[in-house]
Amino acid sequence: MASSIPYSVRPEWADVTPMRLPEPERVVAIQYTAEHAEALGYFRAVLQSGELSERVLTLTADMIRFNQADYTAWRVRWLCVQKLGSKALEEELAFTHAVMLENAKNYQVWNHRRLCALQLGPSVADREDEVTREAINFDEKNYHAWAHRQAIVKMTERWQAELAIAEEFIRRDVRNNSAWNQRMFVLKHMPSSGRDDAAWLRSELSYVAEAIRHAPRNEAPWRYLTGIFATLEPWSSQPHALSCHFDVYTICTEALLDCPSCAPAYDVLAQYYEGLAGLGEARGAAQVESQAPGARDNLPAIVSSVLQACEMAQGALDEAAVADPMRTPYWYHRQRGTAHIMAATTAMLT
């Protein structure tokens, strides 16, 4: 990646006086090699002078070779690239690819490549697709590669293609939470105008149900299921939208028939009943506040339905605590929430 010729004998650096490193602390001193220490002296000098040039770009390559996580070297490198122009930007794609081959989960290299790619524009889309696929094929849960794809697809708006890629990786491994996250990212950002929301939701819930049938205890599709209603419009703006769709109840109960100790199913089933209780509580509060004659006539039935939903939620949370005892404090916390709803709703009758 870089030359091993000492900087002190390089003619292009003859006009620079390296800055001496401070005396090392006695405790936990950083152990630099002689080569690294020399390069660092020159790097500190150009930091002080603010120089941004071709030779500083070369120096940063050395600094990164010594320590690929040196965020200061990456930052100075980006400033140099910006000053040197489009040719340097193109060359950076090759440089970052070489670093990725050594350390595919280095945050700094992906951040630097993203800056360059976004500066170059949509023309790099195919190249970035190839590079990120290479990284993801090596490690299908490489968060940095997936995040890089998100930046590129937002720039190019190749939403349908990215949706197909996420689906491809989900087919390979239904437990790939990164691919599920990518699917949610695409659906959140891609245009949905003209879509039949009801038909789309039925199709998506069917897709999730099929994934759950393959691996009921796999958290990824369950989190994706709840994310549909929490993240995507028009459902995210509707109170307790998850509880307004009986298909969610069906998915949970079918999963529990196949896998009676499925904690994620009990979790979502409890959310379903908690939402029903919340909707009922809101209806009851509206009746209490209404001044219309006979407005409170249906209140006992509403309170009864809320209490029943809370009891079902608490029962599901009891089962979740048995299936997943490590999260027992969380399940109890949820049960306390339903207990508050029960108390508040019962008070409406007084």
Query - Theoretical FRET efficiency, 1/(1+(r/R0)^6), r = Cβ-Cβ of R44 and L118, R0 22 Å, to 0.05 - result: 0.15
Query raised in the report: Between H333 and A164, what length comes free when the chain is fully extended (0.36 nm per residue of separation minus the Cα-Cα distance, one decimal in nm)?
Result: 56.9 nm
Query - Helical contribution to [θ] at 222 nm, DSSP H n ≥ 4, -39,500 (n - 2.57), averaged over the chain, rounded to 500 - result: -23000 deg cm²/dmol
Query raised in the report: Along segment 115-121, what does the Karplus equation 6.51 cos²θ - 1.76 cosθ + 1.60 (θ = phi - 60°) give for ³J(HN,Hα), rounded to whole Hz, x for Gly and Pro?
Result: 4, 5, 5, 5, 5, 6, x
**Report entry** Taking segment 213-350 and dividing mean pair separation by its residue count, relative contact order in percent (alpha carbons under 8 Å, at least six apart)
**Finding:** 24 percent
Report task. Apply the Karplus parameterisation 6.51 cos²θ - 1.76 cosθ + 1.60, with θ equal to phi minus 60°, to every residue of segment 92-107 and state each ³J(HN,Hα) to the nearest whole Hz, in sequence, with x for glycine and proline. Result -> 5, 5, 5, 4, 5, 5, 4, 5, 4, 4, 8, 8, 6, 10, 7, 4
Query raised in the report: Can you pull the Rg over Rh of segment 199-350, Cα-only, Kirkwood?
Result: 1.02
Report task. Output the Cα-based Rg and Dmax of the chain in Å, rounding Rg to one decimal and Dmax to a whole number. Result -> 28.7, 96
Query raised in the report: Between E102 and Q82, what FRET efficiency follows from the Cβ-Cβ distance if R0 is 41 Å, with the result rounded to 0.05?
Result: 0.95
Report summary line: Taking segment 182-229, the whole-percent share of alpha-carbon pairs separated by over 11 angstrom is 71 percent
Requested in this report: Name the lysines eligible as straight-distance cross-link partners of K188: C-alpha to C-alpha under 27 Å, and not fewer than 8 places from it in the same chain.
Outcome: K105, K141, K154
Report summary line: In Å³ per residue, the alpha-carbon convex hull of segment 71-148 encloses 76 Å³
Requested in this report: Would you pull out the residues with amide H under 5 Å of N176's amide H, same chain only if 5 or more places away, H placed 1.01 Å from N?
Outcome: none
Query raised in the report: For the pair E90 and E35, how long in nm is the line joining their label points, each one 7 Å along Cα→Cβ?
Result: 3.1 nm
Report summary line: If one builds a Gaussian network model of the chain from Cα atoms under 10 Å apart, the most fluctuating residue listed among V153, V99, V268 is V99
Report task. Report the residue, chosen from R327, R195, R296, that carries the largest GNM mean-square fluctuation when the chain is represented by alpha-carbon nodes joined by springs under 10 Å. Result -> R195
Requested in this report: Return, in residue-number order, each cysteine of the chain whose C-beta is not under 4.7 Å from any other cysteine's C-beta.
Outcome: C80, C116, C244, C252, C310
Report summary line: Given a Förster distance of 56 Å, the FRET efficiency implied by the Cβ-Cβ spacing of R202 and N67, rounded to the nearest 0.05, works out to 0.60
Query raised in the report: Any idea how far apart S53 and F246 come out in nm if each label point goes 7 Å out from Cα toward Cβ?
Result: 7.7 nm
Query - Karplus (6.51, -1.76, 1.60) ³J(HN,Hα), θ = phi - 60°, over segment 164-176, in Hz, Gly and Pro reported as x - result: 5, 5, 4, 5, 4, 6, 5, 5, 5, 8, 5, 8, 6
Requested in this report: Counting only C-alpha contacts under 8 Å and six or more residues apart, can you give the relative contact order of the chain as a whole percent?
Outcome: 9 percent
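All of the numbers you see were taken from the coordinates with simple rules; none came from a lab. A quick note: this is a predicted structure, and the numbers were derived from the prediction, not measured. Please note: Cβ atoms are built from the backbone with ideal geometry, for glycine as well, and neighbour counts cover all protein chains shown.
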